[in-house]
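Contents: one structure, followed by commentary.
The values are calculated or read from the model by the stated rules, or taken from the named source; none is laboratory data. This structure is a prediction, so every number in the text was calculated from the model and none was measured. We place every Cβ from the backbone using ideal geometry, glycine too, and count neighbours over all the protein chains shown. Remember, those area values only see protein heavy atoms, side chains included, never the ligands or the DNA or RNA. Shrake-Rupley method; radii C 1.70, N 1.55, O 1.52, S 1.80 Å.
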2 protein chains.
Amino acid sequence: MDHDELTPRQRQILDFIVERTRASGAPPTRVEIAAAFGFRSANAAEEHLRALVRKGAIEMAPGRSRGIRVVSVATPAGGTGVLPLIGQVAAGSPILAVENIESEVAIDAALFQPRADYLLRVRGDSMSGIGVLDGDFLAVHRSATAESGQIVVARIDDEVTVKRLQRDGERVRLCAENPAYAPIEIDLSRGELAIEGLAVGVVRRW
Amino acid sequence: MDHDELTPRQRQILDFIVERTRASGAPPTRVEIAAAFGFRSANAAEEHLRALVRKGAIEMAPGRSRGIRVVSVATPAGGTGVLPLIGQVAAGSPILAVENIESEVAIDAALFQPRADYLLRVRGDSMSGIGVLDGDFLAVHRSATAESGQIVVARIDDEVTVKRLQRDGERVRLCAENPAYAPIEIDLSRGELAIEGLAVGVVRRW
DNA sequence: TCCATGGCTGTATGTTCATACAGTATCGCG
DNA sequence: CGCGATACTGTATGAACATACAGCCATGGA
């Protein structure tokens with residue numbers, strides 16, 4: 001984890017290993033490392049590798065060719081996440097109901113904070129002011145509550161909408177981020193508002 | 001690409017190579033493949049590998065240990081893709097150089113079309129007109145060429161920038177999507193423009 | 001029927017690789 | 001000053017690997 005204590009030379013070696021692994025599909029050998037750095041002896045590479053193992057930057061499988069593994073630099077907490085993509089939400093159905101799931105998208109849910117539970121296809125340009133366009137996928141974290149100022153996925157009269165929440169005591173407003181749309185005023189005491197989740201990110205494919 | 005013509009056995013071998021590469025960090029050797037399938041001869045693995053090369057499923061580097069590379073790009077079951085996230089590009093360095101890679105993000109590269117090769121952190125609001133904001137991650141497909149009208153990642157005077165390309169014969173313009181920024185005019189014959197890639201999507205985390 | 005292809009066993013050879021041991025030189029630290 | 005750590009050169013050895021060649025058996029065309 002904390003291989004900040006690496007010497008500059010050791011960091012170069014580590015970088016080379018990462019780069020070479022990515023480029024060629026397998027980690028380099030001692031001789032390849034030596035060649036890349038101009039060492040006349042493969043042992044120089046060997047000793048650098050030992051230092052990297054000692055400092056926790058890599059692991060080595062004994063006796064195994066190209067048995068170098070870079071520790072932890074790569075994936076932060078491997079999330080082999082697949083998020084459901086919600087297209088249109090049928091009236092009266094829960095958002096995550098099977099019939100609403102258009103497909104599954106391979107994205108790590110932990111990319112977003114708090115973690116995303118699903119992607120919602122945005123329709124219309126009511127949020128264009130904050131760069132959320134028609135057709136974008138909104139990453140949504142399920143939550144029944146929200147704080148003033150947050151972008152929420154809400155359900156009003158059985159319709160799912162994305163708006164910015166503004167709370168002022170008992171009075172709540174759902175504001176579009178587009179001057180062409182008027183805010184929606186809601187009286188909480190009548191309980192017409194159901195918050196479905198918080199917007200935590202956007203994914204757009206061109 | 002279309003190795004549907006693989007026999008069931010060959011597909012098993014290919015799957016094993018993919019799995020093993022992911023699990024151990026390097027492709028398996030002939031002996032390891034033979035051991036995994038119970039072959040009593042490493043040559044059985046060798047011949048399977050040759051068949052896979054013939055059918056375009058893998059490539060092999062001659063004389064190189066663990067020199068197997070799986071050609072297929074869209075990882076099979078949904079794709080556990082990981083894209084490098086490029087923060088700031090050091091002047092004079094290739095975009096994908098290790099020192100530019102800030103982290104890795106678990107997103108299926110095949111989510112985008114054409115496939116994304118890396119994510120580039122956007123700085124500034126010059127593309128805010130099309131919903132690309134400061135801090136967004138631009139999904140980029142590597143390409144040295146682009147057509148008029150496309151959003152490109154280009155390098156001018158050793159600086160990486162995102163703009164819309166407009167080509168008019170020998171004259172090329174790089175336009176911001178923000179009226180506050182003036183278009184950049186470039187004479188192609190002087191060769192000052194290097195196109196690094198095409199924008200294929202956006203990822204934003206709030 | 002012959003022949004190509006897939007799928008193996010068995011043996012062998014030369015290269016690639018990991019790794020140990022013996023040195024040399026520099027540098028910062030107590 | 002001496003010691004340990006870094007950063008190498010040089011040599012060596014055995015295990016790991018890629019890969020060629022010689023066969024065997026089955027299946028599915030031509």
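Calculate the dipole size of the protein assembly as shown relative to its Cα centre from +1 charges on Lys and Arg beta carbons and -1 charges on Asp and Glu beta carbons; express the result in debye to the nearest 20. List each step's numbers first, then the result.
Details: 50 positive and 56 negative charges, 367 e Å.
In debye, rounded to 20, the protein assembly as shown gives about 1760.
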What do you get for Rg/Rh of the protein assembly as shown when both radii come from the Cα atoms and Rh is the Kirkwood radius? 1.03
Taking just the alpha carbons, could you work out the radius of gyration and Dmax for the range B:3-70, both in angstroms? 10.8, 28
Principal-axis tilt of helix B:42-54 within chain B, Cα atoms, nearest 10 degrees: 40 degrees
Using alpha-carbon coordinates, inclination of helix A:8-24 to the longest axis of chain A, degrees: 70 degrees
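Give the average over all directions of the projected area of the C-alpha convex hull of chain A, one decimal, in nm². Intermediate values should be presented prior to the final figure.
On the way: hull surface 66.3 nm².
Dividing the Cα hull surface by four gives the mean projection, 16.6 nm².
Need one number: the % of Cα-Cα pairs in the range B:142-206 sitting beyond the 14 Å mark.
Details: 1175 of 2080 pairs.
The share of Cα pairs beyond 14 Å in the range B:142-206 comes to 56 percent.
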With a 1.4 Å probe on protein heavy atoms only, work out how much accessible surface A and B bury together, total over both chains, in Å² to the nearest 100. 3400 Å²
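Roll a 1.4 Å probe over the protein chains and send me the accessible area per residue for the protein assembly as shown in Å². It would help to have the intermediate numbers written out before the result.
On the way: 20860 Å² over 412 residues.
In whole numbers, the protein assembly as shown has 51 Å² accessible per residue.
Over all residues in B:128-135, what is the mean tally of Cβ atoms on other chains that come within 10 Å of each residue's Cβ?
Counting Cβ atoms of other protein chains within 10 Å of each residue's Cβ and averaging gives 3.
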Placing a label point 7 Å from Cα toward Cβ, how far apart in nm is B:Ala42 from its equivalents in the other copies, listed shortest first to one decimal? 1.5
When chain A is treated as a GNM, springs tying every alpha-carbon pair under 10 Å, which of A:Asn100, A:Asn43, A:Asn178 comes out with the largest mean-square fluctuation? A:Asn43
Given points 7 Å out from each Cα along the Cα-Cβ axis, report the A:Ile101 to A:Arg121 separation in nanometres with one decimal. 1.6 nm
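For the protein assembly as shown, which whole-number percentage of the solvent-accessible area (1.4 Å probe, protein heavy atoms only) is attributable to carbon and sulfur atoms?
Values: 10140 of 20860 Å².
That share works out to 49 percent.
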Of the candidates A:Ala45, B:Asn178, A:Leu133, the farthest towards the positive dipole end of the protein assembly as shown (Lys/Arg Cβ +1, Asp/Glu Cβ -1, centred on the Cα centre) is A:Ala45
